[in-house]
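The values are calculated or read from the model by the stated rules, or taken from the named source; none is laboratory data. Since the model is a prediction, treat every value here as computed from it, not as a measurement. Backbone-built Cβ (ideal geometry, glycine too); neighbour counts: all protein chains shown.
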Amino acid sequence: MVALLALAAYTTAQALPPNPKKTVVCHATKSGKKAYLRIVVGTRAGLKAHLAHPGDIVNPTGGTCPTQRLSADTGGRPIHTTLAPVAPNTLGSGMFLARSNIGQGRICWRLTVTGLADVTAAHIHYLTGPNANQIAVPLALPTPFTGTATGCSNALRALVKQILMHPESFYVNVHTVLYPSGAVSGVLAKGA
């Protein structure tokens with residue numbers, strides 16, 4: 001009975017947002033000089049408002065805000081992969097580079113693919129676990145896709161953290177008309 005009460009108290013505590021008196025937020029700005037404004041949120045309503053902004057960083061590492069704005073080329077922690085054909089496909093190759101910050105609800109990325117026709121979609125997929133092969137983060141491609149795309153995709157902060165901390169548990173998959181389940185793919189890794 002005591003274990004059940006302890007589990008219930010632990011579960012309730014995990015469901016509550018962090019104490020806003022101790023929550024540092026790096027609020028994304030539009031300023032050309034300062035990418036983020038460091039603020040300390042003092043109410044749950046204030047914290048909830050910042051959680052609704054995917055570009056804001058909640059509880060940044062070390063309590064300090066990054067100096068560089070997040071993009072596919074700068075800011076954040078980089079992850080990458082080299083894309084290779086998925087059997088039975090034997091054509092195509094590519095590169096994927098992404099960046100984000102732990103505590104941020106956004107991943108910015110660059111995708112380059114060669115040797116494929118009629119690309120229909122690209123995603124970051126779960127590689128392992130109960131969600132294996134399901135889409136984790138959709139990557140919006142332009143129409144028509146001409147081989148290179150750059151963008152930012154919003155995702156849950158917990159998922160972004162999981163991708164940055166354990167990129168080997170995710171892969172990038174590029175789909176075509178001929179290979180709708182994937183023409184080229186690659187497992188993510190830390191670094192650029």
Residue match in region 149-157 (condition: over 12 Å from the mean Cα position of the chain (by Cα) and either crowded, with 22+ Cβ neighbours inside 10 Å or in a loop (DSSP other than H, G, I, E, B) (or both)): no
Count - residues of region 96-124 that are of a type in the set (S, T, N, Q) and under 18 Å from Leu51 (Cα atoms): 3
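Residues checked against (1) exposed (fewer than 13 other Cβ atoms within 10 Å of the Cβ); (2) part of a loop (DSSP other than H, G, I, E, B); (3) free of Cβ contacts under 8 Å to residues at least 24 places away in the same chain:
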{"position": "His27", "(1), (2), (3)": "no, no, no"}
{"position": "Ser31", "(1), (2), (3)": "yes, yes, yes"}
{"position": "Leu37", "(1), (2), (3)": "no, no, no"}
{"position": "Val40", "(1), (2), (3)": "yes, no, yes"}
{"position": "Gly46", "(1), (2), (3)": "no, no, no"}
{"position": "His50", "(1), (2), (3)": "no, no, no"}
{"position": "His53", "(1), (2), (3)": "no, yes, no"}
{"position": "Gly62", "(1), (2), (3)": "yes, no, yes"}
{"position": "Thr67", "(1), (2), (3)": "yes, yes, no"}
Of all residues making up region 131-148, the number that are in contact with a Phe, Trp or Tyr (Cβ under 9 Å, 6 or more places away or on another chain) and in a loop (DSSP other than H, G, I, E, B): 3
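With Thr81, Thr128 as the choices, which residue is touching a helix residue (DSSP H, G or I) at 6+ places or on another chain (Cβ under 9 Å), assigned to a strand (DSSP E or B) and either in contact (Cβ under 8 Å) with a residue 24 or more places away in the chain or buried (at least 19 other Cβ atoms within 10 Å of the Cβ) (or both)?
Sole residue among the options that is touching a helix residue (DSSP H, G or I) at 6+ places or on another chain (Cβ under 9 Å), assigned to a strand (DSSP E or B) and either in contact (Cβ under 8 Å) with a residue 24 or more places away in the chain or buried (at least 19 other Cβ atoms within 10 Å of the Cβ) (or both): Thr81.
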Residue in region 108-122 that is touching a residue at least 40 places away in the same chain (Cβ under 8 Å), surrounded by 13 or more Cβ atoms within 10 Å (Cβ to Cβ) and not in a strand (DSSP E or B) present: yes
So His80, is it of a type outside the set (A, V, I, L, M, F, W, C), under 14 Å from Val174 (Cβ atoms) and out of contact with any Gly (no Cβ under 6 Å at 6 or more places or on another chain): no
Where a residue in region 175-186 is over 13 Å from Gly94 (Cα atoms) and among the aromatic types (Phe, Trp, Tyr) and its partner, wherever it lies, is modelled with pLDDT under 95 and part of a strand (DSSP E or B), with Cβ under 6 Å and at least six apart: none
